[in-house]
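The structure appears below as structure tokens.
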Ligand SMILES: Cc1cc2nc3c(=O)[nH]c(=O)nc-3n(C[C@H](O)[C@H](O)[C@H](O)COP(=O)(O)OP(=O)(O)OC[C@H]3O[C@@H](n4cnc5c(N)ncnc54)[C@H](O)[C@@H]3O)c2cc1C
């Protein structure tokens, strides 16, 4: 095959596909010279991929020496060996920008929406989500695990409310009236932590700065959408010079035709990546080299030494057959007349409530909607629909109403989560890792705050909740020939428990199981039934998956520990890193961990560093540290010190 020729300004060290939190985590981590401690010192001694990093900034130790320049930088120290997650925060200077790669790496960030966090913002807007589900230490900022808490303190935005205080506001206000922090109930006892805080205040170590104990400061609160948004803008985007000087991202064609600043180290374009190939590149003024050819929808081609795929979960909506009317699993049917999958709500032209219902509300006609699914999204959809005037809303789920503060079991989120993760990393069998992941996530669940809200709607007669219910047939009758979405559905459902009485005093196993048949006649159905990741089905990855296959389990690629796709310098952050990172890969915290591994590996491969050696050799050939997925160092995690509460 003839080498593909590229003008030199189309050639980058690294192309990052996506602009969500996964991409932001990777880019900021590359640009940060003093990344925060993700692991304690004790854990660090057992995690070989951290030891591979020459600079080894992944773990901060109070024993680390710092230069005068470094001393000014944000610092997060492990207090001492054997003290679990305790760290000491030194307040950060947000205007200071630092860079692990000495500013030499050329990065191109490509996103079809053309703005940092655009997809996140859009979904939070559609579902009108006032607060994140995750705790304060889940965020993409690489410099400090407590960066979000520090930001809230710095800005005087530590206004806290309990869910009860906040309940009414949640129902009717915009995000402006929201408290910045909401307590997460049911994690750990507040009284204990208060007592501990008091005790700690008397300790001499206080003089060094605030003692940060995850139990005291991080586990109880989730940030408001607004606080998180402001934090991302200031402490991630602006701090690392990623705001494109306030200008909107140009589309790729414009950007390369105008070519105003060809030497700019970090560039941004709006565009959709349609294909990725590992091939021989011919760059004007360079020798031939192996690299990626990245094709965009407007015909532009980019050359790259390495690529980070952070394009989201690439998930295939799991739509029930009675809606798609097909048993062919290879066909993706995300919407049809009178229904859509929840992933479609983020698409242009879609609204919540859906347009046919909005018209009915405006014309003062009866409006009814069925939402299928037992996860947080289904509860959020019901909330938005009710608040926007849909008269008759039914929430239908095939199992019981599950309530959990986070989408992962608490042991994966809280204080000793690293212990749980290490158990996961010890497992060599990807299938078993997949099972552990399913167990940790344990299907969809609703946060206590939304559960309370939903139950309140039920008591007020605005919402019907049908648990343990499955729809077996749904037929759509359009009422308007011009608009197939206008009509009524005739659905029959079978409940193996019946309608939830809302009486919480009755234990689940005491409820009499009844089989009942019901008929529903909604004007619209939203299927919030989740979506399954499928790496090899992502359109721009199909070629790579075919030509350089790596095993897939549950639609997730079996990457190396450095999150590398086989031997290619292609990395995955976000959902596709889950078999290595663990169940947290789907959340903000896992993205930060993924970014750390990727940045270390890029450094190892000398991507973007001066004097990289001869152009013909691939980055793999340059690396003398060839990796295999089974290289993990086993250790006795049970001997890690644990702090026992008195
Ligand atoms: C409603 C909702 C609420 C959530 N709340 C939380 C929470 O509170 N805490 C938490 O930890 N997690 C939360 N999550 C989970 C997770 O953190 C988010 O889904 C997060 O947005 C995933 O980040 P990402 O960067 O992987 O993907 P995305 O945010 O989806 O970003 C992917 C980007 O890639 C771009 N892209 C995709 N394909 C291409 C292509 N071919 N070419 C160019 N660009 C492309 C897209 O335009 C998009 O901008 C939530 C998820 C949802 C859906």
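No other residue among 291, 299 is outside any strand (DSSP E or B) and either at positive phi or crowded, with 17+ Cβ neighbours inside 10 Å (or both) apart from 299. Here residue 408 meets the list (1) assigned to a loop (DSSP other than H, G, I, E, B); (2) more than 14 Å from the ligand (Cβ to nearest atom); (3) buried (at least 22 other Cβ atoms within 10 Å of the Cβ) almost entirely, failing just condition (2). Here residue 275 fulfils each of the conditions (1) surrounded by 20 or more Cβ atoms within 10 Å (Cβ to Cβ); (2) modelled with pLDDT of 90 or more; (3) within 16 Å of the ligand (Cβ to nearest atom) apart from (1).
Could you tell me whether residue 106 is farther than 30 Å from residue 178 by Cβ, in contact with a strand residue (DSSP E or B) (Cβ under 8 Å, 6 or more places away or on another chain) and either within 10 Å of the ligand (Cβ to nearest atom) or at pLDDT 85 or above (or both)? Criteria met by residue 106. Tally up the residues in segment 126-157 that are within 10 Å of the ligand (Cβ to nearest atom) and either surrounded by fewer than 17 Cβ atoms within 10 Å (Cβ to Cβ) or under 21 Å from residue 30 (Cβ atoms) (or both), please. Residues flagged as within 10 Å of the ligand (Cβ to nearest atom) and either surrounded by fewer than 17 Cβ atoms within 10 Å (Cβ to Cβ) or under 21 Å from residue 30 (Cβ atoms) (or both) within segment 126-157 amount to 3. Only one entry of 347, 369 meets the criterion of being within 24 Å of residue 127 (Cα to Cα) and surrounded by fewer than 22 Cβ atoms within 10 Å (Cβ to Cβ), and that entry is 347.
Filtering segment 457-490 to residues that are touching a helix residue (DSSP H, G or I) at 6+ places or on another chain (Cβ under 7 Å) and part of a helix (DSSP H, G or I) leaves only 457. Evaluated against (1) over 30 Å from residue 561 (Cβ atoms); (2) more than 13 Å from the ligand (Cβ to nearest atom); (3) assigned to a helix (DSSP H, G or I), residue 423 falls short on exactly one condition, (1).
Residues that are within 15 Å of residue 16 (Cα to Cα) and more than 16 Å from the ligand (Cβ to nearest atom) within segment 540-564 comprise just one, 564.
Within segment 145-159, the only residue that satisfies the criterion of being touching a strand residue (DSSP E or B) at 6+ places or on another chain (Cβ under 9 Å), over 20 Å from residue 589 (Cβ atoms) and in contact (Cβ under 8 Å) with a residue 24 or more places away in the chain is 157. The residue that is surrounded by the fewest Cβ atoms within 10 Å (Cβ to Cβ), counting only those in segment 427-456 that are modelled with pLDDT under 90 and in contact with a helix residue (DSSP H, G or I) (Cβ under 8 Å, 6 or more places away or on another chain), is 448.
Screening segment 285-315 for residues that are out of contact with any strand residue (DSSP E or B) (no Cβ under 7 Å at 6 or more places or on another chain) and touching a residue at least 60 places away in the same chain (Cβ under 8 Å) and picking the one that is farthest from the ligand (Cβ to nearest atom) gives 287. When segment 316-337 is filtered for residues that are touching a strand residue (DSSP E or B) at 6+ places or on another chain (Cβ under 7 Å) and assigned to a strand (DSSP E or B), the ones remaining, listed by number, are 316, 317, 335.
The values are calculated or read from the model by the stated rules, or taken from the named source; none is laboratory data. Fair warning: this is a prediction, and the values are worked out from it, not measured in the lab. Neighbour counts are summed over all protein chains in view; Cβ atoms, including those assigned to glycine, are modelled from backbone coordinates with ideal geometry.
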